[in-house]
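Working notes, structure below.
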Amino acid sequence: MPSLIVKLYSSFFKYHQKTLLQSLSKTHKSDPFGVTSRPQDSIVAGNPVFTDGVATKDIHLDPFSSLSLRIFLPETALSSSLDTSIKPELSPYGGYSPPPGKFQRKLPVMLQFHGGGFVSGSNESVGNDAFCRRIAKMCDVIVVAVGYRLAPESRYPAAFEDGITVLNWVAKQANLSECRRLGVQRRIFDSFGASMVEPWLAAHGDPSRCVLLGASSGANIADYVARKAVEAGKLFDPVKVVAQVLMYPFFIGTIPPMHSEVNQANSYIYDKTMCKLAWKLFLPENEFDLDHPAANPLLREKLPPPKHMIPTLIVVAENDCMRDRAIAYSEELRKVNVDAPLLEYKDTVHEFATLDALLQTQQAKVCAEDISLWVKKYISLRGHEFSY
């Protein structure tokens, strides 16, 4: 069973989340521009200096919506066995600036989607910032945390479309960076494209090793983006999605019935009633269905061809009403020969490895280590020398 502290925190969290869901169901208004955080979210500012081994910066991606990004760059990008003399250089405003003409270590790019039942949470929240810093250092990757539009102001498919927009943006950055390197169409590029190049990704990002990671509702978005990337084939080149991590995905449904959805209907953090209300706020009013493709991955017609689906690591918590559906999804993927291992953590609750108050628990730390071990199997440049 979870510890007393976790139980108390769960009660506190559920009370405030239920209050938020009920308030949104009464007062919400449609807003195409959208919001990416709530007033009650504790936000931490970006820090472009390597004060704790990771520098961060925020980008407002789309002038027509609130979609935003926070980039996490680990300090390991500035050194390698080939050149240990490289030191961080600071721009006039005090942030890291890639030194021109020097060797730049290329790191994989991980797109991260936060949780919150599609209605709350933020890529800039204290908990998400700390989690992304941990993953950036452990996996040795550039983490791009996506601030997608929240419901009910922006209902389905807004958050899913934001995920695709970000994947397109990463591909565009890679192409612009290559144009700059080769000096292709210099006049046109200098007058338009140069100002659009994100220097951290241009200097250090390797889009051919792209990983998706989503927590809770963010896992649903990650899985959607993975499927669209598979369907698109080479349309996202040079971006190649090589793996994804789904942490306690926000799956629900009635087909087939799941034991945990009955036996743990009143589970910690998110119970079944709260899940239904969150989905009611996220899906369009005329499309509300717990077996909607965005909610239930177990519908046969939703599974991709066996040879196409990318490797998928699924993390589940023992005391979570959504546990069994995630396990069933992992089993379905393995049936079609997808590398889809399952990690279940005892005495844990939904979002045990990503909520701010639970990040320092032993299970949260072990989970991050396990994820990094598996991810390195697919992002290693020298072959899959890491195994799980």
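The values are calculated or read from the model by the stated rules, or taken from the named source; none is laboratory data. Small disclaimer: the values here were computed from a predicted structure and weren't measured. Quick reminder, even Gly has a Cβ in these numbers, built from the backbone with ideal geometry, and neighbours come from all protein chains shown. Note: areas computed on protein heavy atoms with side chains; ligands, DNA, RNA excluded. Shrake-Rupley method; radii C 1.70, N 1.55, O 1.52, S 1.80 Å.
The figures follow:
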{"item": "Considering residues of segment 248-305 that are among the small types (G, A, S) and either modelled with pLDDT of 90 or more or surrounded by 19 or more Cβ atoms within 10 Å (Cβ to Cβ) (or both) only, the residue farthest from D31 (Cα to Cα)", "result": "S260"}
{"item": "Pairs with Cβ under 6 Å, 6+ apart, first in segment 91-111 and of a type in the set (F, W, Y), second open to solvent by less than 20 Å² (accessible area, probe 1.4 Å)", "result": "Y96/A55"}
{"item": "Residue list for segment 309-355, filter: exposed (fewer than 15 other Cβ atoms within 10 Å of the Cβ), of a type outside the set (D, E) and on the phi < 0 side of the Ramachandran plot", "result": "R334, K335, V336, K346"}
{"item": "Selection within segment 201-227 - assigned to a helix (DSSP H, G or I) and within 27 Å of L78 (Cα to Cα)", "result": "L201, A202, A203, H204"}
{"item": "Selected residue (criterion: nearest to V316 (Cα to Cα)) from residues of segment 228-257 that are assigned to a strand (DSSP E or B), in contact with an Asp or Glu (Cβ under 9 Å, 6 or more places away or on another chain) and of a type in the set (A, V, I, L, M, F, W, C)", "result": "M247"}
{"item": "Test: residue in segment 110-126 that is open to solvent by 40 Å² or more (accessible area, probe 1.4 Å) and either touching a helix residue (DSSP H, G or I) at 6+ places or on another chain (Cβ under 8 Å) or not in a helix (DSSP H, G or I) (or both)", "result": "yes"}
{"item": "From the options F64, F72, residue that is surrounded by fewer than 16 Cβ atoms within 10 Å (Cβ to Cβ), modelled with pLDDT of 90 or more and not β-branched (V, I, T)", "result": "F64"}
{"item": "Residue match in segment 30-41 (condition: in a strand (DSSP E or B) and either of a type in the set (V, I, T) or surrounded by fewer than 16 Cβ atoms within 10 Å (Cβ to Cβ) (or both))", "result": "no"}
